[in-house]
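The structure under discussion appears below in the form of structure tokens.
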Amino acid sequence: MDSKNEGKQRYYKPRAEVALDIEDMENFVYDMSRCIKCKGCTWVDHTYMPGAKFMTRCPSATMYEYDAYGAYGKMRIAHGMAEGKVEWNDKALEIMYACTLCGACDVGCKRNLDLEVELTLESIRVKAVKDGVGPLPAHKKIAENVKKTGNMFGSSKKRTEWIPADAKPADKADVLYFVGCTASYTNHEIAQSTAKIFKAAKVNYMLLKDESCCGNAIFSSGMVDEAREIAKKNVEAMKKSGAKKLVTACAEGYRMWKVDYPKLLNIATADLGFEVLHLVEFVDELVKNGSLKMKKEFNTRMVYHDACSLSRLSEPWTPWEGKRGWMGCVEPRLKRRRGTNGVYEQPRDILKAIPGVDLVSLPRERENAYCCGAGRGTKEAFPEFAKWNANHRLEEIRDAGAETLVTACPMCKNNFAQNVKENGNDMQVMDISEVICSAIES
Ligand code: SF4
Ligand code: SF4
């Protein structure tokens with residue numbers, strides 16, 4: 001076949017032997033080529049559609065109002081790259097990174113075509129790094145900070161400064177609390193509330209020896225080699241600790257440990273050798289078995305915002321490789337991750353168990369929730385994008401009449417809190433650990 005037609009052959013014959021391996025974008029050329037531009041990745045399904053005001057699911061397409069920024073646009077550009085027809089330029093790079101990798105598009109597409117949109121978007125960033133054009137300067141800075149100081153902020157302060165005098169992490173315990181960079185440096189209130197919850201439930205917990213960054217922004221911006229080294233180091237340290245359960249109050253750290261470390265290490269979540277739990281899963285169990293009593297009233301009209309990394313992106317990982325045949329059917333069977341099995345009930349059950357809480361629904365919630373705009377290294381690279389999307393989501397939250405906005409991710413909390421403050425609004429923005437803590441304190 002001459003070079004003129006080479007691209008066409010790729011279009012009609014995407015690779016037949018495939019794997020869910022984001023390190024090779026060729027694995028997702030089929031998904032890119034079979035996108036029918038139906039925009040299910042952009043709009044909330046009409047069966048759930050809450051009306052004209054909040055009908056979009058993609059922060060990127062909603063803010064930029066241009067097809068190229070939607071998942072379908074990104075996939076079309078990358079398909080052109082795979083065919084050798086499109087090359088990287090500054091705009092293409094911006095389009096690929098002005099996106100929170102929130103997974104809303106993946107959920108929408110899988111209701112139509114079962115295309116692996118989220119993995120395709122991740123693989124495009126890996127390609128950007130391999131091609132020498134990515135990541136963005138803000139991501140490189142985070143990677144440098146982590147290398148030099150072990151934390152994403154480049155802070156020279158002690159990571160354990162958050163520990164209050166009355167908290168006594170054990171040297172050895174079955175439960176290991178992974179604090180994460182934000183709770184260790186910028187959001188002590190989350191780490192301290194978590195420690196108080198453990199104390200109230202008489203849970204003996206330990207910390208990781210010389211804890212360092214989980215590598216979220218490094219992985220999310222496509223630097224997989226660096227992220228794999230972090231994954232190996234952290235998983236080895238966790239195994240060495242002897243703890244059976246890793247508990248974290250950070251949604252993004254949770255996703256890294258539960259989904260992306262296994263993805264990077266080519267193992268299943270079930271084979272990690274320990275359990276990964278978000279604080280809400282751990283506390284839900286404690287409340288339901290009577291070990292933690294939440295008696296103190298909190299009289300407020302409350303909204304719970306589903307953080308992407310705790311909800312649709314949190315389904316366990318299982319490596320897969322096989323063949324794609326007629327009509328795109330794959331062999332062996334592939335169990336798709338469609339976002340429906342995220343952590344949705346536990347935080348709601350906890351909040352509903354607090355006396356006085358009036359928990360109200362949002363038009364877009366659970367797997368259809370609209371991302372706050374901050375996660376996965378996006379706020380650091382595109383602060384205006386994060387701000388615009390936080391304000392769009394806050395409008396929906398205000399319309400629900402919320403007095404208190406609760407989330408289970410420090411990135412969401414900080415992005416919302418900053419914009420609530422700048423807008424002069426009196427809505428309370430809290431992490432769920434703080435809400436639980438206020439309900440158990442006498
Ligand atoms: S929902 Fe899927 S098939 Fe439809 S436009 Fe989006 S990526 Fe393409
Ligand atoms: S991951 Fe989120 S922001 Fe990015 S294209 Fe998909 S829906 Fe849009």
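The values are calculated or read from the model by the stated rules, or taken from the named source; none is laboratory data. Keep in mind that what you see is a predicted model, and the values were worked out from it rather than measured. Here Cβ is always computed from backbone atoms with ideal geometry, including for glycine, and neighbour counts include all displayed protein chains. The accessibility values were calculated without ligands, DNA or RNA, using every heavy atom of the protein model including side chains. Shrake-Rupley method; radii C 1.70, N 1.55, O 1.52, S 1.80 Å.
Restricting attention to region 191-202, the residues being open to solvent by less than 30 Å² (accessible area, probe 1.4 Å) and of a type outside the set (Gly, Ala, Ser) number 3.
Could you please let me know if residue 40 is open to solvent by less than 60 Å² (accessible area, probe 1.4 Å) and within 16 Å of ligand 1 (Cβ to nearest atom)? Against the criterion (open to solvent by less than 60 Å² (accessible area, probe 1.4 Å) and within 16 Å of ligand 1 (Cβ to nearest atom)), residue 40 qualifies. Would you confirm, using the coordinates I've provided, whether residue 103 is more than 15 Å from residue 339 (Cβ to Cβ), within 13 Å of ligand 1 (Cβ to nearest atom), crowded, with 21+ Cβ neighbours inside 10 Å and small (Gly, Ala, Ser)? It is false that residue 103 is more than 15 Å from residue 339 (Cβ to Cβ), within 13 Å of ligand 1 (Cβ to nearest atom), crowded, with 21+ Cβ neighbours inside 10 Å and small (Gly, Ala, Ser). Only one of the numbered conditions (1) open to solvent by 10 Å² or more (accessible area, probe 1.4 Å); (2) under 26 Å from residue 292 (Cβ atoms) is violated by residue 225, and that is (2). What's the total number of residues in region 72-100 that are in contact (Cβ under 8 Å) with a residue 24 or more places away in the chain, surrounded by fewer than 23 Cβ atoms within 10 Å (Cβ to Cβ) and not in a helix (DSSP H, G or I)? Residues in region 72-100 being in contact (Cβ under 8 Å) with a residue 24 or more places away in the chain, surrounded by fewer than 23 Cβ atoms within 10 Å (Cβ to Cβ) and not in a helix (DSSP H, G or I): 5 in total. Restricting attention to region 60-72, the residues that are under 17 Å from residue 38 (Cβ atoms), more than 9 Å from ligand 1 (Cβ to nearest atom) and not hydroxyl-bearing (Ser, Thr, Tyr) add up to 3. If the condition is being at pLDDT 95 or above, of a type in the set (Gly, Ala, Ser) and away from ligand 2 (no atom under 12 Å from the Cβ), then region 83-110 contributes only 92.
Report the residue count in region 106-115 for those that are in a loop (DSSP other than H, G, I, E, B) and open to solvent by less than 10 Å² (accessible area, probe 1.4 Å).
Taking region 106-115 and keeping what is in a loop (DSSP other than H, G, I, E, B), we get 111-115.
Filter once more, so that each one left must be open to solvent by less than 10 Å² (accessible area, probe 1.4 Å): 115.
Total satisfying the criteria: 1.
Taking the criterion of being in contact with a helix residue (DSSP H, G or I) (Cβ under 7 Å, 6 or more places away or on another chain) and within 19 Å of residue 223 (Cα to Cα), the residues of region 260-291 that qualify are 260, 261, 262, 264, 265.
Filtering region 26-37 to residues that are of a type in the set (Asp, Glu) and either open to solvent by 20 Å² or more (accessible area, probe 1.4 Å) or more than 9 Å from ligand 1 (Cβ to nearest atom) (or both) leaves only 26.
For residue 47, the conditions (1) of a type in the set (Val, Ile, Thr); (2) assigned to a loop (DSSP other than H, G, I, E, B); (3) surrounded by 19 or more Cβ atoms within 10 Å (Cβ to Cβ) are fulfilled apart from (3).
Only one of the listed residues (164, 169) is open to solvent by 30 Å² or more (accessible area, probe 1.4 Å) and at pLDDT 95 or above. That residue is 169.
With respect to the stated conditions, residue 56 is β-branched (Val, Ile, Thr), within 14 Å of ligand 2 (Cβ to nearest atom) and touching a strand residue (DSSP E or B) at 6+ places or on another chain (Cβ under 7 Å).
Just checking, does region 240-263 include any residue being of a type in the set (Gly, Ala, Ser) and either free of Cβ contacts under 8 Å to residues at least 40 places away in the same chain or surrounded by fewer than 16 Cβ atoms within 10 Å (Cβ to Cβ) (or both)? Taking every residue of region 240-263 in turn, at least one turns out to be of a type in the set (Gly, Ala, Ser) and either free of Cβ contacts under 8 Å to residues at least 40 places away in the same chain or surrounded by fewer than 16 Cβ atoms within 10 Å (Cβ to Cβ) (or both).
Take the conditions (1) closer than 19 Å to residue 285 by Cα; (2) in a helix (DSSP H, G or I); residue 203 misses just one of them, which is (2). Of the listed requirements (1) among the hydrophobic types (A, V, I, L, M, F, W, C); (2) modelled with pLDDT of 95 or more; (3) more than 27 Å from residue 255 (Cβ to Cβ), residue 41 misses just one: (3). Condition check: within 23 Å of the chain's Cα centre (by Cα) and of a type in the set (A, V, I, L, M, F, W, C). Does residue 183 satisfy that? For residue 183, the condition - within 23 Å of the chain's Cα centre (by Cα) and of a type in the set (A, V, I, L, M, F, W, C) - is met.
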